[in-house]
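See structure below.
The values are calculated or read from the model by the stated rules, or taken from the named source; none is laboratory data. The structure presented is a predicted model; accordingly, all values stated were derived computationally and were not measured. No Cβ is skipped: glycine too gets one built from the backbone with ideal geometry, and neighbour counts run over all protein chains shown. In case anyone asks, the SASA skips ligands and DNA or RNA and just uses the protein heavy atoms, side chains included. Shrake-Rupley method; radii C 1.70, N 1.55, O 1.52, S 1.80 Å.
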Amino acid sequence: MTDSIALSKILVPLVSGFQPKSLLLAGETALECIKGYEDTRLLKITTPFAQSQIEQLPLVDVAVISDLTEQLDVAAGQQWLGSLRNRYTPHIFLISEPAQARQNGWQLTDYLALGLRHIAGTQQGVQLFSYAIENYQYRRDWLNSRFWANPENYDKYRW
């Protein structure tokens with residue numbers, strides 16, 4: 001991936017918006033794009049990706065991942081990202097080059113199945129996806145006490 005400057009302009013403000021106390025960078029492009037966080041709270045994972053790499057991780061606030069979809073097939077990539085998302089971080093930014101990712105079987109629905117949202121793309125075709133636990137499920141209007149467990153309505157309405 002060659003467009004690290006354009007990605008940096010997009011990623012750095014997004015990452016800074018979460019005010020992370022710890023940051024995980026995985027992949028060469030992620031390391032190139034996020035250079036302003038060179039401190040002791042920065043964790044790095046290099047390619048090739050393996051499930052064993054994330055099993056020893058501490059909890060991190062934000063993870064920036066690149067080169068994953070270009071190297072792993074869909075099943076292995078979803079397992080890796082799913083483990084990271086479910087156990088180690090509430091915020092993920094995934095950098096993907098769709099042309100190379102398609103060679104490993106990745107499609108847009110595979111990203112969406114992980115709860116990722118497409119947030120940006122560059123002129124070179126690099127795509128940026130994000131996951132934030134607080135945006136994963138939107139708040140439904142019907143899910144509140146006004147519609148549930150109202151004893152005063154028990155004999156008035158039949159459901």
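Within the full protein context, the accessible area of residue 106 is estimated at about 10 Å² for a probe radius of 1.4 Å. For residue 16 and residue 136, the FRET efficiency from 1/(1 + (r/R0)^6), where r spans their Cβ atoms and R0 equals 30 Å, is about 0.90. Computed with the Debye formula from one identical point scatterer per Cα of segment 11-90, without solvent, the log10 of I(q)/I(0) at q = 0.12, 0.21, 0.23, 0.24 Å⁻¹ comes to -0.31, -0.97, -1.15, -1.25.
Ligands, DNA and RNA left out, the 1.4 Å accessible surface of segment 20-106 is 48% carbon and sulfur atoms. Other residues within the sphere of radius under 14 Å centred on the Cβ of residue 105, judged by their own Cβ, net out at -2 (K and R +1, D and E -1).
Average accessible surface for segment 80-124: 51 Å² per residue, computed with a 1.4 Å probe over protein heavy atoms with every protein chain in place. The solvent-accessible area of residue 140, taken with every protein chain present and a 1.4 Å probe, is close to 80 Å².
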